[in-house]
1. So how many residues does segment 117-174 have that are in a loop (DSSP other than H, G, I, E, B) and either in the same structural domain as residue 80 (by TED's automatic domain parsing) or under 20 Å from residue 59 (Cβ atoms) (or both)?
2. Among the residues of segment 37-88, count how many are of a type in the set (S, T, N, Q), surrounded by 13 or more Cβ atoms within 10 Å (Cβ to Cβ) and in a loop (DSSP other than H, G, I, E, B).
3. Of all residues in segment 161-179, how many are of a type outside the set (Lys, Arg) and either at positive phi or surrounded by fewer than 17 Cβ atoms within 10 Å (Cβ to Cβ) (or both)?
4. Report, by residue number, each residue of segment 97-153 that is among the polar types (S, T, N, Q), in contact (Cβ under 8 Å) with a residue 40 or more places away in the chain, farther than 26 Å from residue 65 by Cα and out of contact with any strand residue (DSSP E or B) (no Cβ under 6 Å at 6 or more places or on another chain).
5. Just checking, does segment 241-253 include any residue being outside any helix (DSSP H, G or I) and not acidic (Asp, Glu)?
6. Please find, within segment 180-220, the residue that is surrounded by the fewest Cβ atoms within 10 Å (Cβ to Cβ) out of those that are among the aromatic types (Phe, Trp, Tyr) and farther than 15 Å from residue 119 by Cβ.
7. If a residue must be modelled with pLDDT of 95 or more and either closer than 17 Å to residue 198 by Cβ or not hydrophobic (A, V, I, L, M, F, W, C) (or both), how many such residues does segment 158-168 contain?
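The values are calculated or read from the model by the stated rules, or taken from the named source; none is laboratory data. Not measured: the values here are computed from a predicted model. A quick note on method: Cβ atoms are made from the backbone with ideal geometry, for glycine too, and the neighbour counts reach across all protein chains shown.
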Amino acid sequence: MFAKTKDTLHVTPRYQPLFAALNLTARSLFTDPRIIVWRSITERQNCTLDVVEAGQTLRLHVKRYQPARGYQTPADDESRGIRALEYEKIPTAPLVAHGKLTDGRSFIVTENLAGHRAADKWIQSSSDFDKLLEPTADLAARLHDRGLHHRDLYLCHFFVNESPEADTPPDIKLIDAARVARLPGLFTRQRWIVKDLAQFWYSTLALPITNDQRTRWLARYAEARKLKSADRLRRSIERKSASIARHDLKLKAAQPTRNVSIPGA
């Protein structure tokens, strides 16, 4: 006889005592009333869990995925993506826990990035993309130079914590690692790089960011990667960005809450 499948829960050592104290299990991560849903779309729910640890409120982020086909779950994909970013020394939201239920649902829990906020919201309030121009371009270049691509490289997935020191660049982390993967072979890798850059480019169009700033951002990216020219790359990016815009209109019509930003702590 085959062994009966069980719910699985993998918790990093740092958080095992907390999960035990809160009596959190793989199944209770879908039912615990302390977990608050702030976005619900077709394939997943995004939630927050606020708990008290050592006298301070600690926020964790919980993603709950609907059943997916195949053995690998979306939570498996995201936990693998986080580990890939960490291995390549690309700053991201640290992994807390992940697992799945016998019915195919899966989940992932990550740390809150205290003091950070989404780059698009930061720009909306500050109207100062110049502070983020070089560090975001450098981070995108490092991602590709390390042989990874994100496939969801919109500005909202760069999380910013501005330094109080005027000469210190902001701390930036890359989140939402579910679609992070290794770049494929020589013949298709450029296509995926262009897709990443076009997503970033497209996400700047609705913000107080000028064409000159976009041009300088791409030049900085090209310089960081030691590319000979950004002109040809730009043409490919603009074509793909227009395609993304058409697709995005359809998604927004079908799922109006899809692009809601992570709530503040």
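1. Here the count works out to 1.
2. Total satisfying the criteria: 2.
3. Of the residues in segment 161-179, 10 are of a type outside the set (Lys, Arg) and either at positive phi or surrounded by fewer than 17 Cβ atoms within 10 Å (Cβ to Cβ) (or both).
4. 124, 127
5. The answer is no, given that none of the residues of segment 241-253 is outside any helix (DSSP H, G or I) and not acidic (Asp, Glu).
6. Here the residue is 187.
7. Within segment 158-168, residues that are modelled with pLDDT of 95 or more and either closer than 17 Å to residue 198 by Cβ or not hydrophobic (A, V, I, L, M, F, W, C) (or both) number 1.
Listed here are the residues, each with its yes/no results for (1) in contact with a helix residue (DSSP H, G or I) (Cβ under 6 Å, 6 or more places away or on another chain); (2) touching a residue at least 60 places away in the same chain (Cβ under 8 Å); (3) under 30 Å from residue 107 (Cβ atoms); (4) assigned to a helix (DSSP H, G or I).
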residue	(1), (2), (3), (4)
185	no, no, no, no
202	yes, no, yes, yes
209	no, yes, no, no
220	yes, yes, no, yes
229	no, no, no, no
235	no, no, no, yes
